[in-house]
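Take a look at the structure below.
The values are calculated or read from the model by the stated rules, or taken from the named source; none is laboratory data. Predicted model, so just to flag it, every value in this text is computed and none were measured. So basically every Cβ, Gly included, is an ideal-geometry build from the backbone, and we count neighbours across all protein chains shown. When the accessible area is computed, the model is the full protein with side chains, heavy atoms only, and any ligands, DNA or RNA have been set aside. Shrake-Rupley method; radii C 1.70, N 1.55, O 1.52, S 1.80 Å.
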Amino acid sequence: MSGFRETARSRIVQACTFLLAVAFCGCGGSAPLPPPPNSLAFSPVVNLSSGGTKPGSVVLGDFNGDGTLDIAVSNFTSNTVAVFLNNGNGTFQSPIVSPVQISAMGIGAIAAGDFNQDGKADLVIGTMGGAQADIVLLSKGDGTFTELAPIPNSFGFFHARVADLNGDGHQDLVTGGNGNISVFLGHGDGTFTGGALSPAASFPGAYFGIDVGDFNGDHKPDIVVCDNGSTPTGTLVFYAGNGDGTLQSATTAPLVSSFPGSLAGGDFQGNGKRDLLIGFFSEAFISLGNGDGTFQSSLSSLIPVYSNSNPTPSDWVTVQAADLNQDGKLDALVADYGAGILNLTLNGALGKVAPATGVYQFTLAPGLSDMAVGDLNGDGRPDIVISNSLTNQIYILLSQ
């Protein structure tokens, strides 16, 4: 079993640098005309140094409490977190770099939330080197943090989600790691109850993709994860939530493509049922939810949104869901790490792959490792931030 876990851990070292991503539609010359309906346009991409080396995970949050979204990125090999404070218009100050006190190299994925309820975003980090653990960084309000002791019974994570699982008004933490799913209940002061481990429903339980939401229609948050290492095609695992922070026994379903490494949930069809956008190796599909915690996962029922016909060995795919054109419908964002391809598919074009109307594809630098979406300049439109682990940069793309 340890061999399988070491294999999964080696995959995370490769795959954590690929986590979520997206990019650009440049405009040159004079001011761009308003885009026609159901189309996308972005200002020219802005490149900023990540403030460290091998940037992986990127998140948005108001870290100084001024009402605008800032950017935080984890730098894997330099063991630092860099915060870019927003000037209020979608431009950013130089990175404020904070070292994380761990004994070995390996700052992994990060997640943002207001864990002590002071109006400023905090971070939790899953370390990947040495004595692996989850560490909370409480924001000081100036782009720096107070590092707390590791969360009890934590062991790092490949991916994490922040949600209120027990309805007490405090943000909780769900982590997908190597061998288990962990739930940490927040106390509202930056501390958490030691994790309740849910045994792996498939082996070895390399949970790279994770999403939290009401998938079975009972108005209680559930958890869906994909096991990257269980079989050549992986396994989809569903945990129904009881509404008190505990989970029911897992149900599983086989997947039909290789190395599922990224998940994004949302109602893509507008029918009140939560679906899954799943990133596999060199491709991405939507698996429609049945509204009862099960999903349509046969090859014939999957809705394609991206496919790389000439994959390389590093074409890890990450995904995100957002309403990019503000038409009230979810769109699909896909980034291919090895190819450096960004693919944006509007809702009306789901089921099509590039080239096709409503599908926007851009070739960027290889190394797209993570992405975050939010309104950075206050114009009501979603903007995009990408980290690139090979160029040691973040890219900022403001929607037009």
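Consider only pairs whose beta carbons are under 7 Å apart and that are at least six residues apart or on different chains; among these, list those whose first residue lies in region 310-331 and is on the phi > 0 side of the Ramachandran plot and whose second residue is part of a loop (DSSP other than H, G, I, E, B) and open to solvent by 60 Å² or more (accessible area, probe 1.4 Å).
Matching pairs, first to second residue: 326/381.
So residue 269 fits all but one of (1) surrounded by fewer than 18 Cβ atoms within 10 Å (Cβ to Cβ); (2) at pLDDT below 90; what number is the exception?
(2)
State which residue is farthest from residue 107 (Cα to Cα) when the search covers only region 135-155 and only residues that are open to solvent by less than 60 Å² (accessible area, probe 1.4 Å) and in contact (Cβ under 8 Å) with a residue 60 or more places away in the chain.
Within region 135-155, the match that is farthest from residue 107 (Cα to Cα) is 141.
Only one of (1) farther than 27 Å from residue 240 by Cβ; (2) open to solvent by less than 20 Å² (accessible area, probe 1.4 Å) fails for residue 97. Which number is that?
(2)
Hey, could you check region 289-304 for residues that are in contact with a strand residue (DSSP E or B) (Cβ under 7 Å, 6 or more places away or on another chain) and over 25 Å from residue 241 (Cβ atoms) and say which is least open to solvent (accessible area, probe 1.4 Å)?
Going through the qualifying residues, I end up with 302.
Report whether or not residue 151 is over 30 Å from residue 45 (Cβ atoms), among the aliphatic types (A, V, I, L, M) and in a loop (DSSP other than H, G, I, E, B).
So residue 151 passes the test.
Please determine whether any residue of region 390-397 is open to solvent by 20 Å² or more (accessible area, probe 1.4 Å), touching a Lys or Arg at 6+ places or on another chain (Cβ under 8 Å) and either more than 22 Å from residue 346 (Cα to Cα) or not small (Gly, Ala, Ser) (or both).
Yes: one or more hits.
Any idea how many residues of region 349-380 are within 12 Å of residue 40 (Cβ to Cβ) and either in contact with a His (Cβ under 8 Å, 6 or more places away or on another chain) or outside any loop (DSSP other than H, G, I, E, B) (or both)?
Of the residues in that region, 5 qualify.
Is at least one residue of region 280-295 touching a Gly at 6+ places or on another chain (Cβ under 9 Å), at pLDDT below 95 and not in a loop (DSSP other than H, G, I, E, B)?
Yes, that holds for at least one residue.
If residue 352 passes every condition in (1) crowded, with 18+ Cβ neighbours inside 10 Å; (2) in contact with a strand residue (DSSP E or B) (Cβ under 7 Å, 6 or more places away or on another chain); (3) basic (Lys, Arg) but one, which one does it miss?
Looking at each condition in turn, residue 352 falls short on (1).
Can you tell which of 20, 33, 40 is modelled with pLDDT under 95, part of a loop (DSSP other than H, G, I, E, B), among the aliphatic types (A, V, I, L, M) and closer than 28 Å to residue 141 by Cβ?
Of 20, 33, 40, the one residue that is modelled with pLDDT under 95, part of a loop (DSSP other than H, G, I, E, B), among the aliphatic types (A, V, I, L, M) and closer than 28 Å to residue 141 by Cβ is 20.
Among the residues in region 362-372, are any within 21 Å of residue 282 (Cα to Cα) and open to solvent by 50 Å² or more (accessible area, probe 1.4 Å)?
Yes, that holds for at least one residue.
Can you report the number of residues in region 296-323 which are within 20 Å of the chain's Cα centre (by Cα), part of a loop (DSSP other than H, G, I, E, B) and under 25 Å from residue 217 (Cβ atoms)?
Of the residues in that region, 1 qualify.
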